[in-house]
Every structure is written in structure tokens, then in C-alpha cells.
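Worksheet: one structure, shown below.
The values are calculated or read from the model by the stated rules, or taken from the named source; none is laboratory data. Predicted model only: the values in this text are computed from it and were never measured. Virtual Cβ from ideal backbone geometry, glycine too; neighbours counted across all protein chains shown. SASA here: full protein model, heavy atoms, side chains in, ligands and nucleic acids out. Shrake-Rupley method; radii C 1.70, N 1.55, O 1.52, S 1.80 Å.
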Amino acid sequence: MTIMGADDIDAAVALTAASLRTVTDRDWSVHAAGLEWSCYDTAVHIGSDFTAYAGQLTGRATDAYVPFEISADPGTTPEGLVRIVEATGGLLSAVVRTAPEDVKAWHPFGSAGGDGFAAMGVLEVLLHTYDMLGALDVPDWQGPAALGAKILDRLFPHTPRSDDAWQDLLWATGRAERPGFGRLGAWRWYAEPLRGERVVLCEVSPRVADDLYAGGAGGFAWADGGPGEGTRGAAGRVVKARDEGRFRPGWGSYAIVRADDGLAVGGIGFHTVPDGDGAVEIGYDVVDSARGQGYATEAVRALADWAFAQPEVASLRARVDGDNDASRQVLARAGFAETGAVCYELRRPAAV
């Protein structure tokens, strides 16, 4: 089901343009609030995002950004920058409106179709308008709650929801504190998370892993007792793989997020990439407050579904401490067979 589309882009761009035109008489060389870019550069960045997202869809990009960028002509005024935002926003809107439903394109935060890139574009323009206006003496500007809610639904399945979608979005993107959760030190969105019946698996990318391994929340709101030592240790392996040039997206760690409330309840992932025989070992943990409710089993099944969709995978393996009966039951329910005293294996399903 499509959550966001061209009309949402048009609405966001119209609001942004009207809001920014109230401050075109001010100095746009100052840093946008919370950013290292000036307001001038932030406006160009919005236009760059719009054109890049449109290019991904029209270029059918599958593994990287289409290699081009835009810039503003020297001497462009704030009014000219607003026109760039309007023009490039119109390009993305037109592409989203006409893109076939089966078209998907690459993004580092997950491949997406027109609805996903629409959500990304609306997110970028609204948040950066907030950043710019905060530096140009228009504090506490707010984007539309309805658009904020749509962005959260499409890109932030790991964010607990309140009755204030705009504030939820500011918290999810590290721009505001939230009672009970503080302020995030790292964050990202998830255009293509792995989904189970009641859980969502969100990949712990290297930037998020840095924060999680260092003791932060990793961009998640954790259930009581989380994150566990196993989850932080797995984040450390992601960091090490990145530093050694071995990191491959998809083959690291994921947070297990409870879909009904957006709380992270544990972690799961691969210890390494598949070996020469197509075998890969997995591990997982769930916080004490969420154990015994089937989340680990659902997470293992969702991870297995993704793994067996990769042609190089022949089997999944897991090791269980001798006295960990609960973990044995998780693997048994997920279809693993015992192959040794502490070893379990799930082989690729036979083709039908």
C-alpha cells in the first residue's frame, strides 16, 4: 500500500517555499541550526536530494547513486535558492507521479520505489526547513502533523508514536529530546526493513553501530533492560568490519523492533558473511522484559527468509550454550535441526 506520493511532495514544497520566502531578506550564510552547512548550502542540499532521488528512479539505479550533482550559480540570492527548491521538488514530484509501481532503486538506507523516495524527499525538505528557519530567527517552526505521521509510517518503523507526530519526527532524527528516551546520538531511517508478523528488523549500519557500541541507543527506543550485551557486542563487530574494510550491507547486525509500539526488544544478525559452502552463522538476544513472547522466533524466521533470498546462502547455523533451553526452543520453532551437542542448522528450502 502506498503511503506517500507526489501530492505530498507538492504540499511540502509549497509550505517550505512560503516559509522560506518570509526570511529572504536575512543572511543565509549563517549555519543552519544543528548542521555544519550554511542555510545557503542547506537549500542547495535540498535541491540536490530532490534531483538525486528523481535520478535514482528514472535511472533505475540498483547499486549506487547516479553520478551527478547540482549547484547554484555564483551570486544566487535567497529568493533564487527558494526557486531551486521549488523547481527540483517539482522534478521529483513528476517522477514519482509517473514511475511504474514495480520500479525500485537503490538508497543506502534501503531500496525504495516512488512512495519511499517521496517520503525521503518530504522528510529532507521539512526537516531542513526547520533547521534553516531555526537559524534565521523563526524558532519552533513546525511541519504538518499529517505529513510527519506519513513519514514515520513509511521510514521510521522503530519510532514509538505519541499524539504529536512532528515532535516524534524531530526526536527520531536527533533534533529533540523525548521524555523517557532522551536525545538520540545517531539515527537513520529504514526504507526496506525486514518484517515478521509482529517484529521489524532494522539493520545496524556502521554509523549506528558506532553509537550503539559506545553505549548509546543506536537510534532506537529500547524496552526495559535494553540493549543487551550481545547486541552491543554485535555492534562492535560491525564497527570492526567497517574499519577493516570487510563490512557488507545486510550481513551484520539488526535490531529487533516490536511493531506495535516501536520499542527495540533485542538484536539478531550474522557473525560473518557466508563461507565457501554457503553457510553463515547467526546469533540473537532478547531483553529480559520481552522474553517468552515469541519475538526471537519471529526474528529468526524473518532473517532466514532474507538470507535464503540471497543466492549464495545454502544454510544457516547457530550455536547454543548447553543450558540454554529457551534458545533451543527458538531454533526448533524456526525449523532448525540439531546437528551436534550445541549446533543447529537450517538448510535452504527445496525449490518447488
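Of the Cα atoms belonging to the range 180-316, the radius of gyration and Dmax stand at 14.0, 46 Å. Note on the range 15-78: Cα convex hull, mean projected area over all directions, 5.7 nm². If you run the Gaussian network model on the chain, springs between alpha carbon atoms under 10 Å, then out of I282, I256, I268 the most flexible one is I282. Label separation (T339 vs D25): 7.3 nm, computed from points 7 Å beyond Cα along the C-beta direction. Taking G55, G245, G80 as the candidate residues, the one with maximal mean-square fluctuation in a Gaussian network model of the chain, Cα springs under 10 Å, is G245.
Between L35 and Y65, the FRET efficiency estimated from the beta carbon spacing at R0 = 25 angstrom works out to 0.75. Distances between placed amide hydrogens fall under 5 Å for Y254 paired with V204, I268, G269, all partners being 5 or more residues away or on another chain. For A279 and F308 in the same chain, what is the full-extension length gain: residue separation times 0.36 nm, less their Cα-Cα distance, in nm? Full-extension gain reported as 9.4 nm.
For the range 144-190, would you read off the P(r) tail past 16 Å as a percentage of all alpha carbon pairs?
27 percent
Please report the carbon-and-sulfur percent of the accessible area for the chain; probe 1.4 Å, protein heavy atoms only, DNA, RNA and ligands left out. Percent of accessible area from carbon and sulfur atoms in the chain: 50. Here the range 118-132 is scanned for amide nitrogen atoms under 13 Å from the site 7 Å beyond the Cα of A146 along Cα-to-Cβ, giving none. Can you give the log10 of the normalised intensity I(q)/I(0) at q = 0.09, 0.15 Å⁻¹, computed with Debye over equal Cα scatterers of the range 1-127? Values returned for q = 0.09, 0.15 Å⁻¹ are -0.25, -0.67. Determine the shape class of the range 72-164: with a ≥ b ≥ c the square roots of the Cα gyration tensor eigenvalues, call it rounded for a/c under 1.5, and otherwise prolate if a/b is greater than b/c, oblate otherwise. Here the range 72-164 falls in the oblate category. Quick one, could you list the DSSP H helices from the chain stretching 27 Å or more along their long axis (Cα atoms) with average Kyte-Doolittle hydropathy of -0.5 or above? Going by DSSP H runs, the hits are 39-58, 78-98, 114-135.
Only alpha carbons enter this Debye calculation for the range 173-255, each as an equal point scatterer, and the log10 of I(q)/I(0) it gives at q = 0.16 Å⁻¹ is -0.61. Here E177 and D224 are evaluated by their C-beta separation; at R0 = 25 Å the FRET efficiency comes out at 0.80. For the chain, the equivalent ellipsoid built from the Cα gyration tensor has semi-axes of 40, 22, 17 Å, listed from largest to smallest. For V199, nonlocal amide neighbours, meaning residues 5 or more places apart or on other chains whose placed amide H falls under 5 Å from its own, are A259.
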